[in-house]
Structures are given as structure tokens and as C-alpha cells.
Amino acid sequence: MTAEPETTAVPALDDLLADSPTNWGKWGDDDEVGALNYLGPEQVLAAVGLVRQGKVFTLQRLIGDPKGDPVWPGRSPAERTQILDESTWDSDDAPQYPGGLHYADDKINAFLQGSTQYDGLGHVWYGGKLWNGYDARTTVGGMDKASVEPIAQRGVVGRGVLLDMARFRGKPTLDKGETFTHEDLLACAEQQGVEIRKRDVLIIRTNFLQLFFDQGDAFYDGFNEPGLVYSPELVRWFQDMEIPNLVTDTIANEVTTDPNNGVALVLHNALMRNLGVTLTEIADLEALAADSAEDGQYEGLYVAAPLKVHKASGSPVNPVVLK
Ligand code: UVW
């Protein structure tokens, strides 16, 4: 008799996160920005004081990069179409303006989460409930609740701390499926000589998307990004530290498939859906990381405001760090 191979059932998020903390109701029944409530005038003013050198870093990846745009499997890169240019006026039908004005126009057809982006807190869910307990049916035809719009309206400003996990692990990029914990973030911060404080915006560098440019289509074989991995202790740490926003240079901010239980995107749920931590993805941290390694300043003023798109589950952003 041949023994059946042992299969381990993948738990439902409802079961895996049954005892995980939530912040539902903490900022009222109508809240749509969650842990961003931790960033008030006190945090803004303290962060402004970190601008000591006049250095400015923009964290958005180029949309329509001639080398390609890394996107979540199933999404497609943005397509930019030229609508008007000088050739338009080769035609007798071209619009004529008094004084002889000519101009260029273009448009893009893009996934709102197909570039550097903020997720609205309602972007992912399980068990029929979104952030703050909103019914998942409120997503039908557009996000009536916890879209990116309220995040875009308020903006995000605070102390940003860069945690260069690739450099900390002594590698050019983290590997497919490589994980790290909040303890690793603390060790990385210590090695960098910076403190992670309550209410910090965490900015984590893996440089994993370099492999998208190096490997071409093979990048998507067995797609499994590196990143933070779920544990009850990690969720408790985020909760205790009142982390408002997690920014990474990967497509989805965490290890894609949790090696401990086989569940996909556990932290999108444990941190974003349950605690209201805002997620920012596909950031380009290369210039900031190179500069921080040189000057030793891993903290700065973080400023971001995603595009205001009505009912959207996410939208593009070009975050800025000033040192
Ligand atoms: C998913 O969660 C599917 O995508 P994102 O990377 O936009 O969060």
C-alpha cells in the first residue's frame, strides 16, 4: 500500500486571525483612515525638525518606464497614449486657436495600483468585513467605505525611518520568499544607529524589484516576494508602536505566501484591515538608501498624498522624504 502524501490544510484568515487585535471603532464608526489618526500636529512638527540638510528624495517609480513597470500578477502596466502632438496640425481638421496655439495631450490607461501607490484601507478583506467592520458589499461598483479618497484628502506627514534590510543582510537584493520580523527591523535600526519611535512611518528596502529588471519575464515564475511575515508578536508590536503607515519597495509589502501557514497576504489583513495601518507599495528607495548609507541619516520628514480618486481602492503617489 502506498502512503497518501500528507497535506496540510491552509487555514482561513478568519481562523488564523481569530484572536488578532483590531482598532475597529477606535476612531469612531465612520473612520476611514485608521492608524493615520496617530499622525497629528505634534508628529508633523517633530518630523519637520529632521530636515537638516535640505536634501529631497522622491520615492515614486517611473510610470511607463522603458525598462518595464513591475505590477502584481494579473495587473498590466500603464499604457500612455499620445492624443495630440505637432503632427495633429498636419491635418486640415486640426483644431484652430486664435493666435496659432498648438499643444500636446496624452492619457493613460492604468491600474490605480499598478505603480507606486497607497492602498485604501478597504482594499483587502476576509469574512465579509472591511476595515472598521464595514460590509464587504460596500465595495461593489466602487468603494463606498475606506477607499483611498479620505487618505488622499488628509495626506500623510510624519517621521519616516528607512530600514535597509537588503544592506543589513549584506545582499544586493533580498531573495524570493525571504522573510523578516519586527525583531529584524529593530536589529537593522540598531545597526544603522537610528531608533524606531512610536508613530513612525516605516520605510523598508529590499531592492527585490531589481530582479524584475534583471530577470525579465522569469521574475514572475513562482512569484513570492520577500518581506515581513505574520506572527501574533509582530502584529502586537505594530499595535503597541502605533505604526501609521508601512512603505516598502515591493509590490505587496509582505512575503506573498506565508511560509508558516500557506496563506496569501496575511499582513494586508492583520495590519491594514484589522489595525488600520496604511500600506504604500512599489516605492523606489534606491537614491534614499544610497544617500543614507553615506551620511548615516536614516530618519527624515515623510510627506505623501495619493491622488484623489473617488471610490478608488488605491491610487498613485509620489512620496517625498526630506532630510
Ligand atoms: C493586492 O493586495 C492584491 O495588491 P496590492 O499589492 O495592491 O496591495
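Every number here is computed from the coordinates shown, using simple stated rules; none is lab data. None of the values given here were measured: they were computed from a predicted structure. So basically every Cβ, Gly included, is an ideal-geometry build from the backbone, and we count neighbours across all protein chains shown.
If you plug each phi of the range 189-197 into the Karplus form 6.51 cos²θ - 1.76 cosθ + 1.60 with θ = phi - 60°, what whole-Hz ³J(HN,Hα) values come out, in order, with x for Gly and Pro?
Each residue of the range 189-197 in turn: 4, 4, 5, 7, x, 10, 9, 8, 10 Hz.
Quickly rank 265-271, 10-16 as a protection proxy: mean count of other C-beta atoms within 10 Å, highest first.
265-271, 10-16
Please identify which residues in the range 89-132 have an amide N closer than 12 Å to a label point set 7 Å out from the Cα of I63, following the Cα→Cβ vector.
Residues 106-118 qualify, since their backbone N sits under 12 Å from the label point.
At 222 nm, what value in deg cm²/dmol follows for the chain if DSSP H runs of at least 4 each add -39500 (n - 2.57) and the sum is divided by all its residues, to the nearest 500?
-4500 deg cm²/dmol
How would E225, E149, E294 line up from fewest to most surrounding beta-carbon atoms within 10 angstrom?
Ranked by crowding around the Cβ, least crowded first: E294, E149, E225.
Relative to 2.2 N^0.38 Å, what does the C-alpha radius of gyration of the range 5-69 come to as a ratio? Two decimals please.
1.97
Hey, can you rank 111-120, 181-190, 238-247 by average C-beta count inside 10 Å, highest first?
Highest-to-lowest ranking by the protection proxy: 111-120, 238-247, 181-190.
How much length, in nm to one decimal, is gained on full extension between D144 and D29, taken as 0.36 nm per residue of separation minus their Cα-Cα distance?
So the chain would gain 40.0 nm between D144 and D29.
Work out from phi, with θ = phi - 60° and the Karplus expression 6.51 cos²θ - 1.76 cosθ + 1.60, the ³J(HN,Hα) of each residue of the range 207-221, listed in order in whole Hz, and give x for Gly and Pro.
6, 4, 6, 4, 5, 4, 6, 7, 9, x, 4, 4, 4, 8, 5
Evaluate the relative contact order of the chain (contact order divided by residue number), counting alpha-carbon pairs under 8 angstrom at least 6 apart; express in whole percent.
31
Between the range 94-108 and the range 138-215, what's the alpha-carbon centroid distance in Å?
Computed from Cα coordinates, the inter-centre distance equals 42 Å.
In the range 281-301, whose amide N lies under 12 Å from the spot 7 Å out along Cα-to-Cβ of F213? List them in ranges.
284-287
Hey, can you grab everything whose amide H is under 5 Å from the amide H of D164? Only 5+ residues off in sequence or another chain; H modelled, so Pro and N-termini drop out.
R205
Distance in nm between label sites at D184 and E79, each 7 Å beyond Cα in the beta-carbon direction?
3.8
So what are the ³J(HN,Hα) numbers for the range 85-91, from phi and the Karplus equation (6.51, -1.76, 1.60; θ = phi - 60°), rounded to whole Hz, Gly and Pro as x?
7, 4, 5, 4, 7, 6, 8
Mind checking the full-extension length gain between D295 and A46? Use 0.36 nm per residue of separation minus the Cα-Cα distance, one decimal, nm.
Computed gain between D295 and A46 is 87.6 nm.
With only alpha-carbon atoms counted, please give the Rg and Dmax of the range 255-308, in Å.
15.4, 40
Can you list residues from other chains, or at least 5 along the same chain, whose modelled amide H is less than 5 Å from the amide H of F180?
Sorted by chain and number, the residues that satisfy this are G227, L228, V229.
Rounded to whole Å and ordered largest first, report the semi-axes of the equivalent ellipsoid of the range 140-240 derived from its Cα gyration tensor (root of 5λ).
25, 23, 14
Report the residue, chosen from G158, G133, G99, that carries the largest GNM mean-square fluctuation when the chain is represented by alpha-carbon nodes joined by springs under 10 Å.
Looking only at G158, G133, G99, the largest GNM fluctuation is found for G99.
Quick one: which residues, 5 or more positions from N245 or on another chain, have an amide H under 5 Å from its amide H? H modelled 1.01 Å from N in the peptide plane, none for Pro or chain starts.
The answer is L202, T278.
Does the range 203-245 classify as rounded, prolate or oblate by the C-alpha gyration tensor (a ≥ b ≥ c root eigenvalues; a/c under 1.5 gives rounded; else a/b over b/c gives prolate, otherwise oblate)?
Prolate, since a/c reaches 1.5 and a/b exceeds b/c.
With a cap of 11 neighbouring Cβ atoms within 10 Å, and only residues DSSP puts in a loop, list the GluC sites (Glu not before Pro) found in the range 1-84.
In loop regions of the range 1-84 (DSSP not H, G, I, E or B), the sparsely surrounded GluC sites (Glu not before Pro) are E6.
Can you give the three extents of the C-alpha atoms in the chain along their principal axes, from longest to shortest, in whole Å?
78, 60, 45
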